[in-house]
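A short worksheet on the structure shown next.
The values are calculated or read from the model by the stated rules, or taken from the named source; none is laboratory data. This one's a predicted model, so the numbers in the text were calculated from it and none came from an experiment. FYI the Cβ positions are ideal-geometry reconstructions off the backbone, even for glycines, and counts take in every protein chain you see. Side chains included, ligands, DNA and RNA excluded: accessible areas come from the protein's heavy atoms. Shrake-Rupley method; radii C 1.70, N 1.55, O 1.52, S 1.80 Å.
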Amino acid sequence: MLKSDQNALREVDAHDAGSRPIRVGGTLLDRVNGIFAEIAASAAEVDELGRVPDRNIELLRQIDFFRAFQPKRYGGFELDVQSYAPALVRLGEACASTAWVAALLAQHSHGLALFSSQVQDEIWGEDPGALIGSSVAPVGKAEVVEGGVKLSGRFGFSSGCDHAQWYILGFVHPGFEPPFHAQFAMVPRCDVTILDDWDTVGMRGTGSKTLVVEGAFVPSHRIESWEGLNTGTSSGFGVHDSPIYSSAFEPHFGIGFAAVSVGMARRLAELYIEKTKSRIKVYTGQSAVDRAPASMRLGRASLAIDAATALMEKDWVALDDSCKSGQFPRPVEISRFRNNQCYVVQLAIQAADELFYGAGASAWHSSNDMQRLWRNLHMAGSHAGIDYDTRSEIYGRTLLGLRYDPKL
């Protein structure tokens, strides 16, 4: 059982919050429920627009969603996973693309809190409400110069990039050997050009466009290695007292992939139930609800959703417990968290297929929310960050005691 009392948003000291209006009381889930109807009503528009509209971002700002993992020093709430993730599942039921973008913009705060104090002050000291996008695959090229690097590259799949003021960009540092060569640079919006090239079948509303950087100077204090962020050796490790920063970057970064996918599967099940109760088989005139296949598909799908939820919630508790212990998670634990997140998405897709293929041809109509959810779930499952084949290989190798392979 998740601790609902842990969900309460804690009061923020007026000095820490600056001039920002202080919000107290209620849970993050309560707050999401308060904007649920408006977010849900926008889902078709989001898909058509190809990005999350400003109005949805503003609604999320109003409930302080993006401050979930932000340090209190800058006006954040430092929530644990169990206080954050249920609200994200619920948001996924309303609009998958909005939830996906909201998750990444919120979870990047956990990553920034592990960077140097200097860059944290540079970003949040100037604007406590600054949002951070990303493209973390190490595809960028860097030239070592005095005081840092000059970064160039085309960084794809940057979800919600239109709403960010800074970006975490992955690159290969020529001055380091694997695995330390994979690094992250914190780059301001002024050094980035957004290439509007996002045109996909699924997750259309995430606006996951390409970021173009040409020779931008990135000082050393804005750079952290992938290794450092996932071994507790980054510049910002230990800067903040909250237990949530006693964790690796990857498990917190991956929370949203699983949570949003489960939210989509839950919504698809609701729509399937509604449709099945009123559906008449066109060739026989028989009610679909009286046929065994309709019930069987729902039963199998519900089991997959329940299994995904149970595994996900178990890991939320385990991740929080790991943080509270003060012991940095071992590589096998990090690998298990990430592998499980990928498997949860696979279970959500399995449920979606059971339901969608049993819903009849009308489910394919562009006006039917079921087809959008089905498309979105399959697109989510294609994301490199939740590549189940790769993650299961990494986890298996870890269990076998094999050495880390940076190529994976």
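Does Asp353 satisfy the criteria of being acidic (Asp, Glu) and either modelled with pLDDT of 95 or more or not in a helix (DSSP H, G or I) (or both)? Give the derivation first.
Numbers: acidic (Asp, Glu): yes; either modelled with pLDDT of 95 or more or not in a helix (DSSP H, G or I) (or both): yes.
For Asp353, the condition - acidic (Asp, Glu) and either modelled with pLDDT of 95 or more or not in a helix (DSSP H, G or I) (or both) - is met.
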**OP:** Determine, yes or no, whether Gln341 is under 25 Å from Trp316 (Cβ atoms) and either without any contact (Cβ under 8 Å) to a residue 12 or more places away in the chain or surrounded by fewer than 21 Cβ atoms within 10 Å (Cβ to Cβ) (or both).
**Re:** no
Original post:
Can you pull out the residues in segment 328-338 that are assigned to a helix (DSSP H, G or I), open to solvent by less than 20 Å² (accessible area, probe 1.4 Å) and in contact with a Ser or Thr (Cβ under 6 Å, 6 or more places away or on another chain)?
Top reply: Ser335
Original post:
Does at least one position in segment 112-133 carry a residue that is part of a strand (DSSP E or B) and modelled with pLDDT of 95 or more?
Top reply: yes
**OP:** Would you check which residues across segment 57-86 are within 15 Å of Gly26 (Cα to Cα) and part of a loop (DSSP other than H, G, I, E, B) and list them?
**Re:** Ile63, Asp64, Ala68, Phe77, Leu79
**OP:** Select from segment 18-71 the residues that are open to solvent by 40 Å² or more (accessible area, probe 1.4 Å) and β-branched (Val, Ile, Thr) and write down the one among them that is modelled with the lowest pLDDT.
**Re:** Ile22
**OP:** Could you tell me whether segment 74-89 includes any residue that is more than 13 Å from the chain's Cα centre (by Cα), closer than 16 Å to His221 by Cα and crowded, with 20+ Cβ neighbours inside 10 Å?
**Re:** no
**OP:** Inspect segment 392-408 for any residue being surrounded by 19 or more Cβ atoms within 10 Å (Cβ to Cβ) and among the charged types (D, E, K, R) and give the result as yes or no.
**Re:** no
Original post:
What number of residues within segment 381-408 are modelled with pLDDT under 90, within 24 Å of the chain's Cα centre (by Cα) and more than 26 Å from Ser158 (Cβ to Cβ)?
Top reply: 0
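This table checks each residue for (1) open to solvent by 20 Å² or more (accessible area, probe 1.4 Å); (2) under 22 Å from Glu250 (Cβ atoms); (3) among the β-branched types (Val, Ile, Thr); (4) modelled with pLDDT of 95 or more.
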residue	(1), (2), (3), (4)
Ala292	yes, no, no, no
Leu303	yes, no, no, yes
Ala361	yes, no, no, no
Ser367	yes, no, no, no
Met379	yes, yes, no, yes
Original post:
If you go through segment 213-223 one residue at a time, do you hit one that is surrounded by fewer than 16 Cβ atoms within 10 Å (Cβ to Cβ), out of contact with any Phe, Trp or Tyr (no Cβ under 8 Å at 6 or more places or on another chain), among the aliphatic types (A, V, I, L, M) and in contact (Cβ under 8 Å) with a residue 40 or more places away in the chain?
Top reply: no
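Just need a number here: residues in segment 154-178 that are among the hydrophobic types (A, V, I, L, M, F, W, C) and either free of Cβ contacts under 8 Å to residues at least 24 places away in the same chain or open to solvent by less than 10 Å² (accessible area, probe 1.4 Å) (or both).
Step one: of segment 154-178, the residues among the hydrophobic types (A, V, I, L, M, F, W, C) are 155, 157, 161, 164, 166, 168-169, 171-172, 176.
Checking the rest, the ones that are also either free of Cβ contacts under 8 Å to residues at least 24 places away in the same chain or open to solvent by less than 10 Å² (accessible area, probe 1.4 Å) (or both) come to 155, 161, 164, 168-169, 171.
Count: 6.
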Original post:
Which of (1) closer than 30 Å to Ala308 by Cα; (2) open to solvent by less than 10 Å² (accessible area, probe 1.4 Å); (3) not hydrophobic (A, V, I, L, M, F, W, C) is the odd one out, the single condition Glu270 does not satisfy?
Top reply: (2)
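Looking only at segment 243-256, count every residue that is part of a loop (DSSP other than H, G, I, E, B) and over 15 Å from Tyr84 (Cα atoms) and tell me the total. Explain how you work it out, then say what you get.
As a first pass, look at segment 243-256 and keep what is part of a loop (DSSP other than H, G, I, E, B): 246-248, 254.
Adding the requirement that they be over 15 Å from Tyr84 (Cα atoms) leaves 246-248.
Result for segment 243-256: 3.
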**OP:** Mind listing whichever residues of segment 109-121 are surrounded by 19 or more Cβ atoms within 10 Å (Cβ to Cβ) and without any contact (Cβ under 8 Å) to a residue 60 or more places away in the chain?
**Re:** Ser109
